[in-house]
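Below is one structure, written out as structure tokens; the observations come after it.
The values are calculated or read from the model by the stated rules, or taken from the named source; none is laboratory data. This is a predicted model, so every value here is computed, not measured. In this analysis, Cβ positions are derived from the backbone assuming ideal geometry, glycine residues included, and neighbour counts consider all displayed protein chains. Just the protein is used for accessible areas: all its heavy atoms, side chains included, with ligands, DNA and RNA removed. Shrake-Rupley method; radii C 1.70, N 1.55, O 1.52, S 1.80 Å.
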Amino acid sequence: MEQKSPFRDETGHAGRAYYIETFGCQMNVRDSETAAGLLETLGFSRGTDKESASLILFNTCCVRDHAEKRVFGNIGALKELKEENPNLIIGVFGCMMQQQEVAEKLYKRFPFVDIVFGTNLLSRLPAFVESAESGARTLAVDEQNIQIEDDLPSIRTGKINAFVNINYGCDNYCTYCIVPYVRGRERSREANAVVEEAKRLVAEGYTELTLLGQNVNSYGKDLADASFGKLLAEVSKVDGLKRIRFMTSHPKDLTDEMIDAMARYENVCHHVHLPMQSGSNEILKRMNRKYTRERYLEIVQKLRAAMPDVELTTDIIVGFPGETEEDFLETLDLVEKVGFASAFTFKYSPRKGTRAATMEEQVPEPDKRSRLQRLNELQERKSRENNEKYVGVTGIVHVEDCDEKHEPVCYGKFSNFKMVYFPGSPELIGQYVPVTITNVRKNSLYGKRADE
Ligand code: 5AD
Ligand code: SF4
């Protein structure tokens, strides 16, 4: 028989493994790190696969595509594991479960799922696990009170880079986007809390951090005398911190102060993930993005003037309601003009409860598909062209990992986010290595060490 452990017993779950599968963005990755931290305070330890786990958690996303189908499919597939091991605890949380209707549907459809809860109730995970152990099922969604607590225990998963939340939620209500409904109003962490966390991470051995927010540029609007530029300045002073990344940037809030901070502080990386979404002013307006293609280009020019080596990446949606062929050509034109290092491209998919979902002129699927293909072809060419300018260039790679299966190669990124491969072995992981680019591969650069 299973022995029931008291809450926060360090030994009660010893030897019992948890396995977390995460869908979606970096915020979710960060939340999964917190879930892991909470489970480890209960005595669980990290497992490597679902089959041998005593507890399986799914952290779900609902931002795009057929997220729901995929998650329901994945959960359905756990039924057999539960039949083999009735003590197995299965939990589902995350943005998708923040939607009451979807959470209820999942809870009803899969009686073998023990715990279903929305992202904002993450701090209560240990209590939910306890209930599950005593045989009770939990369905907990609080759509009103979307708060996420800071400073919960967490287990970082990044080998060389640690995520640090700086603001939660989003107030922008882009008309296609579900995030404001599932992540709540924008809340900034106090700058001190961010700096203290950065210091702790450096003490643990991290030299690279990524500051996270749905819109990092609006950081501090809800605090006194705070802004993202000022925060960058503060974090950049943390001793031993070599690289500071951040995402995601919203063009409407990107200030000169931030550009100055990026250019001025040596450890702030020269990379901006700057979703453009569309190149058509009409569509940008319908998306409620609050900038024009002209303003977007102006920001790009400013960034490049301040930092000639800056690289830009982006998100683009095709087939937003009302998008005509002319609108789409404007998107292609802006992509051509900016020259992104890379782009995440998406077909618009209606999210229930958002304004765009009920707009009339929905674009037929074949048009979306062909526009996506044309956009991807253009971006592939632009990525290749962008890569070619690196041949002969030497930069510093922060080594993330090595692949020894084929030829022994290490990989990591330049400060500006370009991925670089070079011959090397695992003792280089975590180090900063100068590499000269010798040739270009499809999505990456290949080079050799410049220091030997
Ligand atoms: N349909 C397609 N793409 C979307 N994104 C957000 N919502 C939708 C949607 N309903 C994309 C945007 C955003 C990225 C995270 O996901 O491009 O920047
Ligand atoms: Fe969604 Fe727009 Fe907020 Fe980004 S800025 S999370 S796209 S509403």
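Scanning segment 102-122 for residues being not β-branched (Val, Ile, Thr) and not in a loop (DSSP other than H, G, I, E, B) gives a total of 11. Scanning segment 370-381 for residues that are more than 24 Å from the chain's Cα centre (by Cα) and surrounded by 13 or more Cβ atoms within 10 Å (Cβ to Cβ) turns up SER370, ARG371, ARG374, LEU378. Only one of the listed residues (LEU201, LEU209) is part of a strand (DSSP E or B) and more than 16 Å from ligand 1 (Cβ to nearest atom). That residue is LEU209. The number of residues in segment 400-452 that are in a loop (DSSP other than H, G, I, E, B) and either open to solvent by 60 Å² or more (accessible area, probe 1.4 Å) or within 23 Å of LEU312 (Cβ to Cβ) (or both) comes to 17. Applying the set (1) open to solvent by less than 50 Å² (accessible area, probe 1.4 Å); (2) without any contact (Cβ under 8 Å) to a residue 40 or more places away in the chain to TYR390 leaves exactly one unmet item: (2).
Here is a yes/no grid of residues against (1) assigned to a helix (DSSP H, G or I); (2) away from ligand 1 (no atom under 16 Å from the Cβ); (3) open to solvent by less than 30 Å² (accessible area, probe 1.4 Å):
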position: PRO126; (1), (2), (3): yes, yes, yes
position: LEU152; (1), (2), (3): no, yes, no
position: ALA162; (1), (2), (3): no, yes, yes
position: ASP171; (1), (2), (3): no, no, no
position: TYR181; (1), (2), (3): yes, no, no
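Give segment 305-335 a look and list any residue that's farther than 22 Å from SER444 by Cβ and not hydrophobic (A, V, I, L, M, F, W, C), or say none. Those that are farther than 22 Å from SER444 by Cβ and not hydrophobic (A, V, I, L, M, F, W, C): GLY319, PRO321, GLY322, GLU323, THR324, GLU325, GLU326, ASP327, GLU330, THR331, ASP333.
The residue pairs whose first member lies in segment 155-182 and is within 29 Å of THR358 (Cβ to Cβ), whose second member is hydrophobic (A, V, I, L, M, F, W, C) and away from ligand 1 (no atom under 12 Å from the Cβ), and whose beta carbons are closer than 6 Å, counting only pairs six or more residues apart or on different chains, are TYR168/ILE148.
So that you can scan it fast, the table gives a plain yes or no per residue for (1) within 28 Å of TYR173 (Cβ to Cβ); (2) within 16 Å of ligand 1 (Cβ to nearest atom); (3) not hydroxyl-bearing (Ser, Thr, Tyr):
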site	(1), (2), (3)
GLU326	yes, no, yes
SER342	yes, yes, no
VAL363	yes, yes, yes
PRO366	no, no, yes
LEU372	yes, yes, yes
LYS405	no, no, yes
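Here LYS337 does not qualify as assigned to a helix (DSSP H, G or I) and open to solvent by less than 20 Å² (accessible area, probe 1.4 Å). Among the residues of segment 70-93, is there at least one that is assigned to a helix (DSSP H, G or I), under 25 Å from GLN214 (Cα atoms) and either acidic (Asp, Glu) or open to solvent by 10 Å² or more (accessible area, probe 1.4 Å) (or both)? Checking segment 70-93: at least one residue is assigned to a helix (DSSP H, G or I), under 25 Å from GLN214 (Cα atoms) and either acidic (Asp, Glu) or open to solvent by 10 Å² or more (accessible area, probe 1.4 Å) (or both).
No other residue among THR324, THR345, THR358, THR354 is among the hydroxyl-bearing types (Ser, Thr, Tyr) and open to solvent by less than 10 Å² (accessible area, probe 1.4 Å) apart from THR354. Residues being more than 25 Å from LEU231 (Cβ to Cβ), in contact with a strand residue (DSSP E or B) (Cβ under 6 Å, 6 or more places away or on another chain), open to solvent by less than 50 Å² (accessible area, probe 1.4 Å) and assigned to a helix (DSSP H, G or I) are represented in segment 129-146 by at least one member.
Filter segment 282-296 down to the residues that are surrounded by 17 or more Cβ atoms within 10 Å (Cβ to Cβ) and closer than 24 Å to ASP256 by Cβ, then identify the one that is nearest to ligand 1 (Cβ to nearest atom). So the residue we want is ARG289. When segment 270-298 is limited to residues that are of a type in the set (Val, Ile, Thr) and within 15 Å of ligand 2 (Cβ to nearest atom), the one that is nearest to CYS177 (Cα to Cα) turns out to be ILE283. Beta carbons closer than 8 Å, at least 6 apart along the sequence or on distinct chains, pair a first residue in segment 23-47 that is of a type in the set (D, E, K, R) with a second that is open to solvent by 10 Å² or more (accessible area, probe 1.4 Å) and within 16 Å of ligand 2 (Cβ to nearest atom) for ARG30/ASN165; ASP31/ILE148.
Of all residues in segment 195-218, which are within 18 Å of the chain's Cα centre (by Cα) and either within 13 Å of ligand 2 (Cβ to nearest atom) or surrounded by fewer than 22 Cβ atoms within 10 Å (Cβ to Cβ) (or both)? Selection gives THR210, LEU212, GLY213, GLN214, ASN215, VAL216, ASN217, SER218. Of all residues in segment 239-260, those that are within 16 Å of ligand 1 (Cβ to nearest atom) have Cβ atoms under 7 Å from Cβ atoms of residues that are open to solvent by 40 Å² or more (accessible area, probe 1.4 Å) and modelled with pLDDT of 95 or more, 6 or more apart or on another chain, in PRO251/ARG295; LYS252/LYS290.
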